[in-house]
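Notes to accompany the following structure.
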Amino acid sequence: MLKKISALFLAGATASVMVACGNAAGADSGSGGGGDDKITMGFSQVGAESAWRTANTKSVQDSAKSAGFELKFSDAQQKQENQIKAIRSYIQQKVDVIAFSPVVESGWDTVLKEAQAAKIPVILTDRAVDSQDTSLYKTFLGSDFVEEGKKAGTWLVEEYKDSKDPVNIVELQGTTGSAPANDRKAGFAEVIKADPKFKVIASQTGDFTRAKGKEVMEAFLKSNPDIDVLYAHNDDMGLGAIEAIEGAGKVPGKDIKIITVDAVKDGVQALADGKINYIVECSPLLGPQLVDLAKKVVNGEEVPARVVTEETTFTQEQAKKVLSSRQY
Ligand code: GZL
């Protein structure tokens with residue numbers, strides 16, 4: 001039974017709250033929304049493009065189940081039109097709250113206005129939108145992708161601090177137009193621009209998938225004989241690129257140094273094996289925080305405008321120590 005609780009949301013919560021990464025076993029805190037009525041959440045997921053996404057889906061589904069939510073879940077296969085269709089169907093079904101990870105940053109205002117008109121609160125998780133009207137959603141829960149890009153760049157500057165030679169970098173970008181791709185690129189460029197020896201000689205999307213990462217890296221290798229570094233916006237593209245590098249008779253991690261983002265198990269394994277040199281963590285375990293925020297929003301409680309997950313980084317030595325305890 002869907003019990004509509006009109007959200008008496010107090011606008012203008014601006015504090016950003018730094019919270020520790022959720023964990024898969026993280027029990028949700030607080031009581032359910034609206035007494036014993038089930039909260040019905042409509043969730044539109046980007047797709048199943050990477051190990052990160054699979055872990056994120058599991059975290060959302062497990063947390064919704066343990067919180068006693070009725071979860072309506074859809075996989076958009078990385079297509080914005082499928083997400084818009086799913087959000088519209090959730091509006092039709094009069095769910096209590098809508099949450100989604102927008103595959104790209106732009107093009108959401110119309111459907112978000114429809115949700116607002118239907119008085120259904122929306123939570124952004126994982127990826128952000130570029131809507132100017134921030135009243136269209138109640139909060140954003142996820143990582144600071146610019147910071148992730150900066151961490152990648154900072155490691156590279158340190159790694160080559162004693163070198164005077166040019167450092168030729170190729171970049172495998174995430175999905176074109178997505179917040180992580182835009183921001184990881186910007187953060188990295190911001191840091192390396194301090195030294196002109198760092199040159200991004202090729203940059204192209206690998207759409208966050210292993211297969212595309214391999215395909216684009218093969219093309220990079222054919223047209224650029226002197227690649228020193230690969231910066232891949234996620235582990236999956238980096239792992240695909242490793243196959244291409246080895247196929248070209250080069251040694252990943254040595255002939256070409258590799259920096260990736262996420263820290264999923266296969267990525268941390270490659271880091272421990274010396275095929276990747278540095279990984280910036282991006283936690284997919286957003287489920288426990290999402291259900292807590294959803295309960296508050298449905299109950300009309302104030303929530304921070306932005307909830308940023310705390311994340312770390314891993315060197316090859318650290319990877320060997322943490323590998324057995326990685327949850328995804
Ligand atoms: C980042 C997330 C990205 C991951 C990729 O929060 O949106 O999408 O870095 C995933 O692995 O495909």
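The values are calculated or read from the model by the stated rules, or taken from the named source; none is laboratory data. Quantities reported herein were computed from a predicted structural model and do not represent experimental measurements. Using ideal geometry, Cβ is built from the backbone for each residue, glycine included, and neighbour counts are taken over all protein chains shown.
Among the residues of the stretch 291-328, those that are in contact with a helix residue (DSSP H, G or I) (Cβ under 9 Å, 6 or more places away or on another chain), closer than 18 Å to E148 by Cα and surrounded by fewer than 16 Cβ atoms within 10 Å (Cβ to Cβ) comprise T312, T315.
This table checks each residue for (1) within 14 Å of the ligand (Cβ to nearest atom); (2) under 25 Å from the mean Cα position of the chain (by Cα); (3) among the basic types (K, R).
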residue	(1), (2), (3)
D162	no, no, no
S178	yes, yes, no
A186	no, yes, no
E190	no, yes, no
A202	no, yes, no
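Within the stretch 221-234, residues that are in the same structural domain as W155 (by TED's automatic domain parsing) and of a type in the set (D, E) sit with their Cβ atoms under 6 Å from residues that are more than 16 Å from the ligand (Cβ to nearest atom) and not in a helix (DSSP H, G or I), at 6+ positions apart or across chains, in these pairs: D226/N168; D228/V167; D228/N168. Residues of the stretch 132-151 that are in contact (Cβ under 8 Å) with a residue 40 or more places away in the chain and in a loop (DSSP other than H, G, I, E, B): K138, S143, D144. Would you check if there is a residue in the stretch 217-228 being closer than 24 Å to A51 by Cβ, under 19 Å from the mean Cα position of the chain (by Cα), surrounded by 22 or more Cβ atoms within 10 Å (Cβ to Cβ) and not hydroxyl-bearing (S, T, Y)? Scanning the stretch 217-228, I find no residue that is closer than 24 Å to A51 by Cβ, under 19 Å from the mean Cα position of the chain (by Cα), surrounded by 22 or more Cβ atoms within 10 Å (Cβ to Cβ) and not hydroxyl-bearing (S, T, Y), so the answer is no. Step by step: first the residues of the stretch 299-328, then only those that are of a type in the set (A, V, I, L, M, F, W, C) and touching a Ser or Thr at 6+ places or on another chain (Cβ under 9 Å), then the one that is nearest to the ligand (Cβ to nearest atom). Which residue is that? Of everything passing the filter in the stretch 299-328, V308 is nearest to the ligand (Cβ to nearest atom). Does D266 qualify as being surrounded by 23 or more Cβ atoms within 10 Å (Cβ to Cβ), within 16 Å of the ligand (Cβ to nearest atom), on the phi < 0 side of the Ramachandran plot and at pLDDT 95 or above? It is false that D266 is surrounded by 23 or more Cβ atoms within 10 Å (Cβ to Cβ), within 16 Å of the ligand (Cβ to nearest atom), on the phi < 0 side of the Ramachandran plot and at pLDDT 95 or above.
Taken together, L271, L290, L323 contain a single residue that is in a helix (DSSP H, G or I) and under 20 Å from E171 (Cα atoms), which is L271. Of the residues in the stretch 89-112, at least one is within 16 Å of the ligand (Cβ to nearest atom), farther than 14 Å from L290 by Cα, of a type in the set (F, W, Y) and at pLDDT 95 or above. When A64 is tested against (1) closer than 18 Å to D292 by Cβ; (2) at pLDDT 95 or above; (3) in a strand (DSSP E or B), only condition (3) is not met.
Is at least one residue of the stretch 12-20 modelled with pLDDT under 95 and within 16 Å of the ligand (Cβ to nearest atom)? Yes, the conditions are met somewhere in the stretch 12-20. Of everything in the stretch 152-185 that is among the β-branched types (V, I, T) and not in a loop (DSSP other than H, G, I, E, B), the residue that is farthest from D126 (Cα to Cα) is V167.
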